[in-house]
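Heads up, the thing below is written out as structure tokens.
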Amino acid sequence: QVQLVESGGGLVQAGGSLRLSCAASGRTFSTYTMGWFRQAPGKEREFIAGIGWSNGVYAESVKGRFTISRDNAKTTVYLQMNSLKPEDTAVYYCAARRGLLSRIRDDYEYWGQGTQVTVSS
């Protein structure tokens, strides 16, 4: 069982930056694939970034602007978001799964409660 708690969301102007954190419980954090998803009002929850044991993978919409990283000693995964746009406004969720990296929402077993990111124009 893994519990995930996101933090770091807030209100930022377009072009600004935020760093989200997701703190995970459990001593087996390093064995989990971690992902970040987001959900805007009226839209489906979408994959934006994931990381297994090496480099991250990204949705096209955030590639080059967002960076996912993990610190296994701190059992935390991060999402550095730069050059934010109003269309990045959403609730951002951290997720975990056992197994290989996946972009599919239903492959993830554990979810955080989400953190709101609002980008003003």
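Give me a count of the residues in the stretch 10-43 that are over 19 Å from residue 87 (Cβ atoms) and among the small types (Gly, Ala, Ser).
7
Tell me, yes or no, whether the stretch 66-73 has at least one residue that is assigned to a strand (DSSP E or B), more than 14 Å from residue 8 (Cβ to Cβ) and open to solvent by 60 Å² or more (accessible area, probe 1.4 Å).
Within the stretch 66-73 (the criterion being assigned to a strand (DSSP E or B), more than 14 Å from residue 8 (Cβ to Cβ) and open to solvent by 60 Å² or more (accessible area, probe 1.4 Å)), the answer is no, since none of the residues qualifies.
Taking the stretch 62-73 only, how many residues are polar (S, T, N, Q) and within 14 Å of the chain's Cα centre (by Cα)?
2
Which one is farthest from the chain's Cα centre (by Cα), of the residues in the stretch 74-112 that are closer than 13 Å to residue 20 by Cβ and open to solvent by 20 Å² or more (accessible area, probe 1.4 Å)?
Applying the filter and picking the extreme gives 82.
Identify all residues within the stretch 46-56 that are crowded, with 17+ Cβ neighbours inside 10 Å and more than 16 Å from residue 81 (Cβ to Cβ); write none if there are none.
Result: 52, single match.
Which of the residues that make up the stretch 19-40 are open to solvent by less than 30 Å² (accessible area, probe 1.4 Å) and touching a strand residue (DSSP E or B) at 6+ places or on another chain (Cβ under 6 Å)?
20, 21, 22, 24, 32, 33, 34, 35, 36, 37, 38, 40
Pairs only if they're at least six apart or on different chains, beta carbon under 6 angstrom, first in the stretch 96-121 and over 12 Å from residue 35 (Cβ atoms), second among the acidic types (Asp, Glu) and surrounded by 13 or more Cβ atoms within 10 Å (Cβ to Cβ); list them, first residue then second.
Note: pairs meeting the criteria are 115/6; 119/88.
The values are calculated or read from the model by the stated rules, or taken from the named source; none is laboratory data. These figures come from a predicted structure and were not determined experimentally. Ideal geometry is used to build each Cβ from the backbone, glycine not excepted, and the neighbour counts take in all protein chains shown. All accessible areas refer to the heavy atoms of the entire protein, side chains included, with ligands and DNA or RNA removed. Shrake-Rupley method; radii C 1.70, N 1.55, O 1.52, S 1.80 Å.
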